[in-house]
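Notes follow the structure.
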Amino acid sequence: MTPPPGLHWPLCYVLPPMGALPTAPRTARAHVSDVLGQWGPPHAKDTAVLVTSELVTNAVRQCHDPSGRPVYINGRLPVVQLSLFSDRERLLIAVYDQAPGTPEERHPGHHAETGRGLALISSLGHWDWYPVEGGKVVRAILAAAA
Ligand SMILES: Nc1ncnc2c1ncn2[C@@H]1O[C@H](COP(=O)(O)OP(=O)(O)OP(=O)(O)O)[C@@H](O)[C@H]1O
Ligand SMILES: [Mg+2]
């Protein structure tokens, strides 16, 4: 996954693609925690782990049908891929997936149990998405020290 143009990202970590399985969010969280630990200050791990978890969970969920079965693409389990980029002021978290559909921020009522993930990310930073060959990338940009 290539970083978006226009900004210089001296720190970069691209995890190999992983199967879009329920274990993927946990794996992604562990990588973010380790990588930001290695990158050191000012990177704040907790917010980045939370945002990553929301993005990867969304990607995995969209790769499953309503009964929870993975939706195969050309006979293969779909993959998700996590990338992190930082210039020590901003942290970019990008998640590639192969699922159909488009991410849309919801406006959940007080009693809603879902529809909060992207709204949460908006409250912490900025998110958007763009199509790429075979899928899409959903990305969040946060202050590195958020
Ligand atoms: N990677 C994605 N691919 C396709 N659609 C997505 C993706 N991420 C999110 N969406 C769509 O955007 C909606 C809003 O996502 P959001 O994370 O805010 O809420 P949610 O996942 O439905 O619930 P919650 O995150 O509170 O468990 C989702 O319901 C889904 O329809
Ligand atoms: Mg969600």
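Descriptive notes on the structure:
- Members of the stretch 58-69 that are open to solvent by less than 40 Å² (accessible area, probe 1.4 Å) and either modelled with pLDDT under 95 or within 12 Å of ligand 2 (Cβ to nearest atom) (or both): Ala59, Val60
- Evaluating Glu105 against the criteria (1) closer than 21 Å to Thr23 by Cβ; (2) within 14 Å of ligand 2 (Cβ to nearest atom) leaves one unmet condition, (1).
- Residue in the stretch 39-53 that is touching a Pro at 6+ places or on another chain (Cβ under 9 Å), farther than 14 Å from Val137 by Cβ and either modelled with pLDDT of 95 or more or of a type outside the set (Lys, Arg) (or both) present: yes
- Boolean, Leu84 is in contact (Cβ under 8 Å) with a residue 24 or more places away in the chain and more than 16 Å from ligand 2 (Cβ to nearest atom): yes
- Taking the stretch 106-121 as the range and being touching a helix residue (DSSP H, G or I) at 6+ places or on another chain (Cβ under 9 Å) and within 6 Å of ligand 1 (Cβ to nearest atom) as the test, the residues that pass are Arg106, Arg116, Gly117, Leu118.
- Note on the stretch 91-127: residues that are open to solvent by 40 Å² or more (accessible area, probe 1.4 Å) and either touching a residue at least 12 places away in the same chain (Cβ under 8 Å) or within 29 Å of Gly40 (Cβ to Cβ) (or both) amount to 13.
The values are calculated or read from the model by the stated rules, or taken from the named source; none is laboratory data. Please read these numbers as outputs of a predicted model, since none were measured by experiment. Neighbour counts run over all protein chains shown; Cβ positions are idealised from the backbone, glycine included. We work out accessible area using only protein heavy atoms, side chains counted, and drop any ligands, DNA or RNA first. Shrake-Rupley method; radii C 1.70, N 1.55, O 1.52, S 1.80 Å.
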